[in-house]
Amino acid sequence: MEKIKEIVKEVVFAVLPIAVLMIVLQFTIIFMPAEVFVKFLFGVLMVGIGLILFLLGVQIGFLPMGELIGSALPKTKNAWLVVFIGFVLGFIVTVAEPDVRVLATQVDLVSEGSIPKNILIYTVAAGVGFFVALAMLRIILNFSINYILIIGYILVFALAAFTPEQFVPVSFDSGGVTTGPMTVPFILALGVGVASVLKGKSASSDGFGLVALASIGPILAVMLLGVIYG
């Protein structure tokens, strides 16, 4: 019950400021039609209820499951299985990520179907999956995350020179939308779970950084898609 109260409070403080701002603008500057304004208020209510249910689901389901999977995988003593499962989980949770679908829909609309929605979603998901797998390998082999980040961003800026102009902003937005409410909790919990059961690992230092790595993957993947389409 206490957890529900905290989530409700968190959602109210997140949604209320934008709602109040829009109400003030409605009666001072915008003066949108009453029908549209009523729909906005109804939308705010639906968003609040949806966020409460979503965050509650993350707290009681996704985070514990991610940590349990992460702590169970190293016990198989098969490093490649850990890496493969990391790729699969990274791919699947990205496909389910609402922010990725919003971006793909907008790109499909603006490009008039020349960049199909599903192609972009699966490309972004493959990029996330690859770098989550790489993050699992980093935790197992115990090498610095700095090397992957530096090499990753060098590749990003090098590849940008060969990527068609219209794909560059889409690729960087792809990196941003993967840090959404579906992907982040599960990937973080997975990394913390893996690091917590491996000898010589610290969940606080080795379990984090996965989101930073997962954000590079979509950028590179979409740029490669641009090179192919270009």
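The values are calculated or read from the model by the stated rules, or taken from the named source; none is laboratory data. What you are looking at is a predicted structure, and each value in this text was computed from that prediction instead of being measured. So basically every Cβ, Gly included, is an ideal-geometry build from the backbone, and we count neighbours across all protein chains shown. Only protein heavy atoms, including side chains, enter the accessible area calculation; ligands, DNA and RNA are left aside. Shrake-Rupley method; radii C 1.70, N 1.55, O 1.52, S 1.80 Å.
Heavy atoms only, probe 1.4 Å: what % of the accessible area of the range 89-230 goes to carbon and sulfur, would you let me know?
69 percent
Which whole-number value in Å³ per residue fits the convex hull of the alpha carbons of the range 93-201?
92 Å³
Could you pull out which residues in the range 61-105 have an amide N less than 16 Å from a spot 7 Å beyond the Cα of residue 18, following the Cα-Cβ vector?
98-103, by backbone N distance to the label point.
Considering only the other residues whose Cβ falls under 13 Å of the Cβ of residue 12, what net charge follows from Lys and Arg at +1 and Asp and Glu at -1?
Every neighbour counted, the sum reads 0.
With no solvent and one equal point scatterer placed on each C-alpha of the chain, evaluate the Debye formula and give log10 I(q)/I(0) for q = 0.08 Å⁻¹, two decimals.
So the normalised log intensities work out to -0.37.
Given all pairs of different Cα atoms, what value in angstroms does the Kirkwood hydrodynamic radius of the range 16-108 take?
17.1 Å
Of all the accessible heavy-atom surface of the range 1-82, with the other protein chains kept in place and a 1.4 Å probe, what percent is carbon and sulfur?
Answer for the range 1-82: carbon and sulfur cover 77 percent of the accessible area.
Note down the nm distance, to one decimal, between modelled labels 7 Å out along Cα→Cβ at residue 75 and at residue 105.
4.1 nm
Give me the 1.4 Å probe accessible area per residue for the range 42-164, excluding ligands and nucleic acids, in Å².
55 Å²
Among the lysines in the chain, how many pairs, 8 or more places apart or on different chains, have alpha carbons under 26 Å apart?
Final tally of qualifying lysine pairs is 5.
Relative contact order for the chain using alpha-carbon pairs under 8 Å, separation at least 6, rounded to a whole percent?
For the chain, the relative contact order is 26 percent.
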